[in-house]
1. Which of the trypsin sites (Lys or Arg not before Pro) found in region 19-98 are in a DSSP loop and have at most 12 neighbouring Cβ atoms, other than their own, within 10 Å?
2. Tell me the Kirkwood hydrodynamic radius of region 1-103 in angstroms, computed as one over the mean inverse distance between distinct C-alpha pairs.
3. For region 94-173 and region 14-75, what is the centre-to-centre distance using only Cα atoms, to the nearest Å?
4. Whole number please: convex hull volume per residue of the Cα set in region 112-212, in Å³?
5. Projecting each Cα onto the charge dipole of the chain (Lys/Arg +1, Asp/Glu -1 at the beta carbon, about the Cα centre), which of Thr153, Ala277, Thr194 comes out farthest on the positive side?
6. Relative contact order for region 5-229 using alpha-carbon pairs under 8 Å, separation at least 6, rounded to a whole percent?
7. Could you give the size of the charge dipole of the chain about its Cα centre, using +1 on the Cβ of each K and R and -1 on the Cβ of each D and E, expressed in debye and rounded to the nearest 20?
8. Rounded to the nearest 500, what is the 222 nm mean residue ellipticity of the chain from helices alone, with -39500 (n - 2.57) per DSSP H run of 4+ residues and division by all residues?
Amino acid sequence: MLLPTVAIINFSRRSDQEVQDAIRAINRQVREDFMPVWGSARSLKLKPSSFNPSDPDTLAKDPVEADSVIYLVDEASVEGALGYHDMNARATPVGFVFVLADDWTATLSQEVLEMILDPTVNIFIPGPDPRSLDDDSRWLLHAYEACRAVERTAYEIDLIAVSNFVTPTYFRAGDAPGTRNDFLGIGVESFGVTEGSHLGVIDSNTGEWLEIWGNGSPNMTAFAHRAKLFEHRKPNRPKDTFLCDVLQKYNAKPAKGCTGLERLYGITRTSRYKAAAERMKPVEVY
């Protein structure tokens, strides 16, 4: 079966062989684990590039033959990657993965699964407030993300770390007996968030964008044991404020031959969801 493709472009310090190993493992995850649960999939392919991201003014026309693209970058190569995206993949869904530690593959897995679920980074689902799941009167608009609620858990495929992900029942209020809201079965509640993970939501009363962090372990001992077994502490990446500033500076003075990334409102998914939330706010009329 032919699947939409995700071009992986490596601007990082990782070798192409390391990236290929990660791609094979994540393609297996998508086909064998994610697609049977969600009914959606994409196929990752490494896209070679001779472009030097440290010199974005040397961009050459080299279209990305894929339905979406993810750039593997070090912090120093972000601006060059933006230039490459502007020149070659302007109309496609795009993601950036910062290669900061040896477990970067779990971050790439997370970005891929979330791109499959919401490639345009602007879908929100109404659901209860995870800080008070028993309060039926307080609902929020949740970002439609596959991994964020369980992002601090991961497992291995062919010795490669890949991210845990939620199932469709996670986005259905109320936990029926036997419900499994995440692939690893660590016990996350519907619309809930695990310890150390975080959610992006919109307060439907105020239109305010909020980030809610999980600070409690699962109630049942068996779930707590599984959560500990699959625990995955993610490395810090550059702050969203820094990355948004990089994007603004790039748009103010794009690389030679480029026009700026008018449709890219942030580099991380969090900043793009936040931008989508801002665009949803009603305009005040005086």
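1. Passing both the DSSP loop test and the Cβ count: Lys61.
2. Value: 14.3 Å, from the Cα pair sum.
3. So the two Cα centres are separated by 19 Å.
4. Roughly 97 Å³ of hull volume per residue.
5. Farthest towards the positive end: Ala277.
6. Computed value for region 5-229: 16 percent relative contact order.
7. 380 debye
8. -8000 deg cm²/dmol
Throughout, read-outs are computed from the coordinates displayed, never taken from laboratory work. Everything numeric here is computed off the predicted structure, so don't read it as measured data. Methodologically, a virtual Cβ is constructed for each residue, glycine included, from the backbone with ideal geometry; neighbour enumeration extends over all protein chains shown.
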